[in-house]
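The values are calculated or read from the model by the stated rules, or taken from the named source; none is laboratory data. Remember, predicted model here, so these are calculated numbers, not experimental data. With ideal geometry, Cβ positions are generated from the backbone for all residues, glycine too; neighbour counts draw on all protein chains shown. For the accessible areas, the whole protein counts, side chains as well, though only heavy atoms, and no ligand, DNA or RNA atoms are used. Shrake-Rupley method; radii C 1.70, N 1.55, O 1.52, S 1.80 Å.
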Amino acid sequence: AMPYTVDRLEFEALVNEAIAALPEDLRGRLNNVVVVVEDWADPHTLREARIGSPYELLGFYHGIPLSRRGSGYGQVTPDRISIYRMPILARSGSAGALRETVRRVVWHELAHHFGIDDDRLRDLGVY
């Protein structure tokens, strides 16, 4: 089956929808973080993630988790969360599957920003 496809603007809208759907307690804690859509992970990020194929990396969190920000945290570049459009599209066969995958990836990467553990992620239905 052909993967379902959307352009970058439609994809970004799905990412924003996923952020808006975050539980209230988490959405209120977003701090100094930007979420960007890129088509593919760059070679450096793939190495950092220890992943060989760009098809395998759906999202990546670059930054310092809130849980690790001490009093010395300040004047730093915002955390950046990359959401990779092409590999997500490659495994999404429908609009519904795409929306669900985007939400899962966005929430998973944001969880790294919050310093959330896997148990809470399971509670949120991310896994």
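Have a look at 35, 15 and point out the one that is in contact with a strand residue (DSSP E or B) (Cβ under 7 Å, 6 or more places away or on another chain), open to solvent by 40 Å² or more (accessible area, probe 1.4 Å), under 16 Å from residue 111 (Cα atoms) and not polar (S, T, N, Q).
35
Pull up segment 53-69, narrow it to residues that are aliphatic (A, V, I, L, M) and touching a helix residue (DSSP H, G or I) at 6+ places or on another chain (Cβ under 8 Å), then point me to the one that is most open to solvent (accessible area, probe 1.4 Å). Across segment 53-69, the extreme among qualifying residues is 66. Residue pairs whose Cβ atoms lie under 9 Å apart, sitting 6 or more positions apart in sequence or on different chains, and linking a residue in segment 52-74 that is farther than 15 Å from residue 114 by Cα and touching a residue at least 24 places away in the same chain (Cβ under 8 Å) to a partner that is assigned to a helix (DSSP H, G or I) and open to solvent by 40 Å² or more (accessible area, probe 1.4 Å), are 54/43; 54/86; 55/86; 55/90; 58/104; 58/108; 59/108. Of the residues screened, residue 50 is one that is farther than 19 Å from residue 102 by Cα, at pLDDT 90 or above, open to solvent by 80 Å² or more (accessible area, probe 1.4 Å) and of a type in the set (Lys, Arg).
When residue 28 is tested against (1) modelled with pLDDT under 95; (2) open to solvent by less than 50 Å² (accessible area, probe 1.4 Å); (3) more than 12 Å from residue 109 (Cβ to Cβ), only condition (2) is not met.
Can you tell me which residue is least open to solvent (accessible area, probe 1.4 Å) among those in segment 70-86 that are of a type in the set (Val, Ile, Thr) and in a loop (DSSP other than H, G, I, E, B)?
Among those residues, the one meeting the criterion is 76.
Any residue that is closer than 26 Å to residue 6 by Cβ, touching a residue at least 40 places away in the same chain (Cβ under 8 Å), assigned to a helix (DSSP H, G or I) and not hydroxyl-bearing (Ser, Thr, Tyr) - is there at least one of those in segment 111-123? Yes, the conditions are met somewhere in segment 111-123. Annotation note: Cβ proximity below 7 Å between a residue of segment 3-14 that is closer than 13 Å to residue 39 by Cβ and a residue that is among the charged types (D, E, K, R) and surrounded by 15 or more Cβ atoms within 10 Å (Cβ to Cβ) (sequence gap 6+ or interchain) occurs for 8/85; 11/85. Looking across segment 117-126, the residues that are in contact with a helix residue (DSSP H, G or I) (Cβ under 8 Å, 6 or more places away or on another chain) and open to solvent by 10 Å² or more (accessible area, probe 1.4 Å) come down to 120, 124. Among the residues of segment 27-46, those identified as in a loop (DSSP other than H, G, I, E, B) and either farther than 21 Å from residue 11 by Cα or in contact (Cβ under 8 Å) with a residue 40 or more places away in the chain (or both) are 28, 29, 30, 31, 32, 39, 40, 41.
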